[in-house]
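One structure below.
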Amino acid sequence: MALLYIRDELNETWIPCVGELGDIPNVSISAAPTNGAALVYDTVSGKWIDGTAVATGGDWVDIPPESPSAYDDEFDDGSLDAKWTWYNQSYLDTWDEDTTKEDCLYLQHPGWDSTRWAILYQACTEGSFDLRTKVSWGGWRGNYTRIGLFIGEATPGEFTTILIGYDEYPRIRVQHFSDPNTWAEHLADIEFNGNKMYLRIGYDGSTFRFYYSDDGRAWTELYHTSSLGFTMGSIGIGIDKIFYPVGYDDSVAVFDWFRVSV
C-alpha cells in the first residue's frame with residue numbers, strides 16, 4: 001500500500017499518515033475529491049487541506065516544517081545553536097537542551113536571585129515575519145514569574161513580549177520593557193489558568209500583532225500596534241526571574257520549539 005499524506009498548510013509541510021481520517025481531531029474528508037486529491041477540512045482553522053490522505057491522530061501542528069527557516073530551532077540536538085546569544089543571564093541560571101525534557105529547551109532560575117529577564121536572542125531585521133513558540137511553565141508561580149516570546153532592539157535592551165506569567169493571578173500578557181530589569185507598560189492581558197500555550201508575534205510590514213492559542217491552529221489576537229517605540233533588531237525567548245527569599249521553588253520554562261516564517 002502506498003504511503004499517503006495530509007497537507008498542513010499552516011506549516012507548509014506534508015504529514016505522513018496511517019489509520020483513518022477520523023483519528024485526527026477536528027478533521028474530516030470532503031465528499032468530492034479535486035483533481036484526484038481528497039480535500040481534508042480542519043474545522044478549527046476553517047481551511048480545506050489538499051492531500052491524498054489517510055490520516056493519523058496527534059499534535060500534527062508540532063511536527064517540524066519541511067523547509068525550516070534559518071531562525072528556527074527544534075531544541076533537539078543537545079546544545080544551543082550558534083545563532084543564539086544570552087543577554088542578562090545570571091550565573092545562577094541553568095539550562096539544557098534535549099536532556100531534562102526530550103526535544104525541548106529547559107530553562108531554570110533560582111528563586112533568590114535579584115536579576116530579572118534572562119533572554120536568548122538572535123538578530124532579525126526582516127521586513128515581515130511570523131514568529132511562534134510552544135511553551136510551558138513550572139516551579140514557583142509568585143508575582144513576576146514570566147516566560148515568553150519577544151521582539152526587541154538589536155542588543156536587546158528595550159523589548160515587547162507576549163508571555164504567560166503570574167501577576168496577582170496567572171495571565172497571558174503583552175508587556176513592554178524599557179530594559180530586562182524594568183517594565184514600562186502593560187499593553188493587554190487576560191486570565192490564564194493552564195500550563196501550556198502557543199505564542200505568536202506577526203508583522204506584515206505595517207502592524208505588529210500578538211497572539212495566543214491553546215492548540216497552535218486557532219489563534220486569538222490579544223494586541224496589535226503600528227509602532228513599538230524602538231527599532232526592532234532581535235527576536236527570541238526568555239524567562240523573567242522572580243526575587244524572593246531563599247526557600248522558594250525555582251522558576252522553570254520549557255520551550256518545545258521556536259519557528260519563524262519570513
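Since every read-out is calculated from the coordinates, none of them should be taken as a lab result. Source: prediction; values computed, not measured. With ideal geometry, Cβ positions are generated from the backbone for all residues, glycine too; neighbour counts draw on all protein chains shown.
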F230, F210, F75 arranged by Cβ crowding within 10 Å, fewest neighbours leading:
F230, F75, F210
Contour minus Cα-Cα distance for A70 and A218 (0.36 nm per residue)
50.8 nm
In nm, give the distance between the simple-model label positions of D98 and D81, each being 7 Å from the Cα along the Cα-to-Cβ direction.
1.3 nm
Amide H neighbours of L222 at under 5 Å, excluding residues fewer than 5 places away on the same chain, with H built from the backbone geometry, are F210, Y211, Y212
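With a ≥ b ≥ c the root eigenvalues of the C-alpha gyration tensor of region 85-261, is it rounded (a/c under 1.5), prolate (a/b larger than b/c) or oblate? Before the final figure, lay out the partial values.
Details: a/c = 1.44, a/b = 1.36, b/c = 1.06.
It comes out rounded by the Cα gyration axes.
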Quick one: dipole size for region 155-234, taken about the Cα centre, charges +1 on Lys/Arg Cβ and -1 on Asp/Glu Cβ, in debye to the nearest 20.
240 debye
Please list, in order along region 69-78, the HN-Hα scalar couplings obtained from phi with the Karplus expression 6.51 cos²θ - 1.76 cosθ + 1.60 (θ = phi - 60°), rounded to whole Hz, x for Gly and Pro.
7, 5, 8, 5, 8, 8, 6, 10, 10, x
Theoretical gain in end-to-end length, S90 to T231 [0.36 nm per residue, Cα-Cα removed]
48.2 nm
Using θ = phi - 60° and the Karplus curve 6.51 cos²θ - 1.76 cosθ + 1.60, what whole-Hz ³J(HN,Hα) does each residue of region 252-258 get, with Gly and Pro shown as x?
9, 10, 10, 9, 6, 6, 9
Fewest to most Cβ atoms within 10 Å: Y198, Y144 sort as Y144, Y198
